[in-house]
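Trainee: Here's a structure for you.
Where a number appears in this text, it was derived from the coordinates with a stated rule and is not lab data. These numbers come from a predicted model, not from an experiment. All Cβ positions, glycine included, derive from the backbone under ideal geometry; neighbour counts span all protein chains shown.
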Amino acid sequence: MPNKTSPANKLLAALPRREYQRLIPRLEEIPLLFEKVLYEPGDSILDVYFPTSGIVSLLAGVEDRATLEVGLVGREGMVGVPIFMGVNTSLNRAVVQGEGSALRMKARVFRKECDNGGPLPGLLRRYMHSMLTQISQSAICNRFHPVDARLARWLLMTRDRMGSDEFQLTQEFLSNMLGTRREGVNKAAGLLQQQHLISYTRGALTILNGAGLEAIACQCYGIIKEEYDYLHSVIGKRRVPSLVGLVGLVGIKSQPYAP
């Protein structure tokens, strides 16, 4: 049963209390199990997900031969954004990368809620701006920066969204996330372990020195983190007006709304 007063998902928490409580009967709490696939490319999107803990990776593939992470979603956002944009089919693979839970809503119900106006579409527009920043900066990072810097960025982004320094991780999964061969991932992870920045044993990774990782990570992490923090400052207040989303779309930072 969803929390009736203070949902852990930041988008839902930013809704006016009465609006969120009206949505509760339409939300179903479900577990997010490690490596569970929510969508495959070409699947019809039947449900949308608002994570309350854990994280979901959005992966793009090339002819079933290779994948690359193009988005990372935690409790600051939602999975199923194409429905909000009027698209019913997923172009990406959505897979749980960190165990947790989510509030699930039927896509047809979600679409109707968005069409009815209210504060939810404005919040989603602002969130989309944050996702576009993450996707574009990650694309630049994967093209131009070395594997160790990309790995450090990815680990820090995962920590920020998981709210923990410890999480499950396999070498194959990490190779898919970074779009590189396992040999390259193993070498980069080994270097981070030698510097005592991380510990990795039997699929369990622990960040030992976050500041050290930040020193190795490229500036892409700082750009993504700044936008992530700003999104929290905007949606961290209840009764955020829909205009916030419109302002975010043109890249102008408005002041957080104070009710």
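Trainee: Just to be sure I understand the model, the point goes 7 Å from the Cα along the line to the Cβ. What's the resulting LEU208 to LEU132 distance in nm?
Mentor: 4.2 nm
Trainee: So which trypsin sites (Lys or Arg not before Pro) in segment 58-112 end up in coil per DSSP with only 15 or fewer other C-beta atoms within 10 Å?
Mentor: For trypsin sites (Lys or Arg not before Pro) across segment 58-112 that sit outside H, G, I, E and B with at most 15 neighbouring Cβ atoms in 10 Å, the list reads ARG65.
Trainee: Give me the percent relative contact order of segment 146-217, please, defined on Cα pairs under 8 angstrom at least 6 residues apart.
Mentor: Once normalised by length, the contact order is 44 percent.
Trainee: Order these by the 10 Å Cβ neighbour count, fewest first: VAL73, VAL62, VAL185.
Mentor: VAL62, VAL185, VAL73
Trainee: Find how much the distance from ARG143 to GLU40 grows on full extension, using 0.36 nm per residue of separation minus their present alpha carbon separation; answer in nm with one decimal.
Mentor: Stretched out fully, the ARG143 to GLU40 stretch lengthens by 34.6 nm.
Trainee: I'd like the distance separating the alpha-carbon centroids of segment 42-98 and segment 137-164, in whole Å.
Mentor: Taking the Cα centre of each part, segment 42-98 and segment 137-164 sit 18 Å apart.
Trainee: Before anything else, pin down the relative contact order of segment 1-143: Cα pairs under 8 Å, at least 6 apart, normalised by residue count, whole percent.
Mentor: So the answer I get is 31 percent.
Trainee: List the aspartates and glutamates whose Cα lies under 15 Å from the Cα of LYS112, skipping any in the same chain that are fewer than 8 positions away.
Mentor: Partners within reach: GLU19, ASP47.
Trainee: Right, here's the next one. So what's the back-of-envelope 222 nm ellipticity for the chain, counting only DSSP H runs of four-plus at -39500 (n - 2.57) apiece and dividing by all residues, rounded to 500?
Mentor: My calculation for the chain gives -13500 deg cm²/dmol from helical runs alone.
Trainee: Output ³J(HN,Hα) for segment 172-177: one whole-Hz value per residue in order, computed from phi by the Karplus curve 6.51 cos²θ - 1.76 cosθ + 1.60 with θ = phi - 60°, and x for Gly and Pro.
Mentor: The phi angles translate into 5, 5, 5, 4, 5, 4 Hz.
Trainee: Right, here's the next one. Suppose R0 equals 30 Å. What FRET efficiency, 1/(1 + (r/R0)^6) with r the Cβ-Cβ distance, do MET85 and ASP165 give to the nearest 0.05?
Mentor: The pair MET85/ASP165 has a calculated efficiency of 0.30.
Trainee: Relative contact order for the chain: what percent, with Cα pairs under 8 Å and sequence separation of 6 or more?
Mentor: RCO, the chain: 23 percent.
Trainee: Further, regarding this structure: Among PRO2, SER130, THR180, whose Cα lies farthest out toward the positive end of the dipole of the chain, if unit charges sit on the beta carbon of Lys, Arg (+1) and Asp, Glu (-1)?
Mentor: Positive-end residue among those listed: PRO2.
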